[in-house]
Amino acid sequence: MFELNKTYKILLAVWFFLWGINLNVSAQEFKKTATSGFSFLQIPVSARTAALGESSIALSDMNSQGMFSNPAIMGFTNHTHSFSASYSNWFADIKNYASSYSIYTDFGVLGVGVIMFDYGSMPRTSVSGGQKVYDVIGSFEANSISAALSYSRLLTDRFSFGVSLKYVQEKIDKYSADNILFDGGLLYYTGLGSFRIAASIQNFGTNTKFINDEFKMPAMFRLGAAAEVLGDMNSDYRITLIGEATHPNDGDERVNVGTELSWKNMITIRAGYKFFYDEETYSFGFGLDPKLSFPVNFDFAFADYGRLGNILRFTLLLGWY
């Protein structure tokens, strides 16, 4: 009874802390739409998350790649070492790369993660002869990078918390902007079957400047829940339902839902849907675990972005003891 009461107190304390940060962010809002920078931080990078309509903060079996949605997920890792690598070809031939690594220690789970958007090379032009004619005089490059250090720990066998400290930078030619941001989250198994709840705050930090223009960070508060409605993680057949509500500081509230159907955890079919988005709607994908001598998973996702087109994502997840 003491341990349960202690768990609830810790859960409420962290919950109110995250909610307090969210209220502080919201209180500073005036006109929200498209008012933040570093927007690449809001794009999902793992194929599993993308296939589930981005509803992933309450999934406890994502290992190191969990740091990208909720750092508390890493506390439930079942591997001593976990590594993930993801890739997608974004719009306009922009390349999106992401990688993560975590290690389980007696003091908790430590992780590092990197996200990179490579916008490629673009021609540099100058006005020629005072007319409306432009000469190509070279080229320049642009990219966005996020590097994170994460820590997560199980406080009981049902409750974990996690934090991430991130360095973010966007650069175009010789101009750049950077900042230090914070992620925090929790994940709790309620004891009602496999039902768990989660909360996270992402990209919390002070404003920064690009040249002389100041802009705020793309902070987002997320609440989620998940449960197995058929079987469990060790069953031959499993169905998991996931739901999530998001509150960004640069847009309206949104809802994401997703489901997984798995056979012996070897073949997993996924689908998701996003509500209250301008263009994004459905997504689907699958995961393969060939049950080799060491844990390895292959994930694929297809996401529909309406008039913008479609995005494919691929993720490789490795684990070893």
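Structure summary
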read-out	value
Residue that is surrounded by the fewest Cβ atoms within 10 Å (Cβ to Cβ), among those in region 306-321 that are aromatic (F, W, Y) and over 12 Å from S88 (Cβ atoms)	Y321
Residue in region 279-288 that is over 23 Å from N78 (Cβ atoms), surrounded by fewer than 18 Cβ atoms within 10 Å (Cβ to Cβ), out of contact with any helix residue (DSSP H, G or I) (no Cβ under 6 Å at 6 or more places or on another chain) and of a type in the set (F, W, Y) present	yes
Which numbered condition P218 fails, given (1) more than 19 Å from N249 (Cα to Cα); (2) part of a loop (DSSP other than H, G, I, E, B); (3) in contact with a Leu (Cβ under 6 Å, 6 or more places away or on another chain)	(1)
Selection within region 182-216 - of a type in the set (A, V, I, L, M) and touching a helix residue (DSSP H, G or I) at 6+ places or on another chain (Cβ under 8 Å)	L186, L187, A198, A199, I201
All positions within region 189-219 that are of a type in the set (F, W, Y) and closer than 20 Å to H247 by Cα	F204, F215
Residue within region 231-246 that is assigned to a strand (DSSP E or B), in contact (Cβ under 8 Å) with a residue 24 or more places away in the chain and more than 22 Å from N70 (Cβ to Cβ) present	yes
One residue from V127, V163, V112 being more than 22 Å from the chain's Cα centre (by Cα) and either more than 30 Å from N310 (Cβ to Cβ) or surrounded by fewer than 18 Cβ atoms within 10 Å (Cβ to Cβ) (or both)	V127
Test result for I197, surrounded by fewer than 11 Cβ atoms within 10 Å (Cβ to Cβ), of a type outside the set (K, R) and part of a strand (DSSP E or B)	no
Conditions (1) closer than 19 Å to N63 by Cα; (2) modelled with pLDDT of 95 or more; (3) in contact with a Pro (Cβ under 9 Å, 6 or more places away or on another chain); number of the one not met by I267	(3)
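The values are calculated or read from the model by the stated rules, or taken from the named source; none is laboratory data. Note that the structure is predicted; figures quoted are calculated from it, not measured. Positions of Cβ are backbone-derived with ideal geometry, glycine not excepted, and every protein chain shown enters the neighbour counts.
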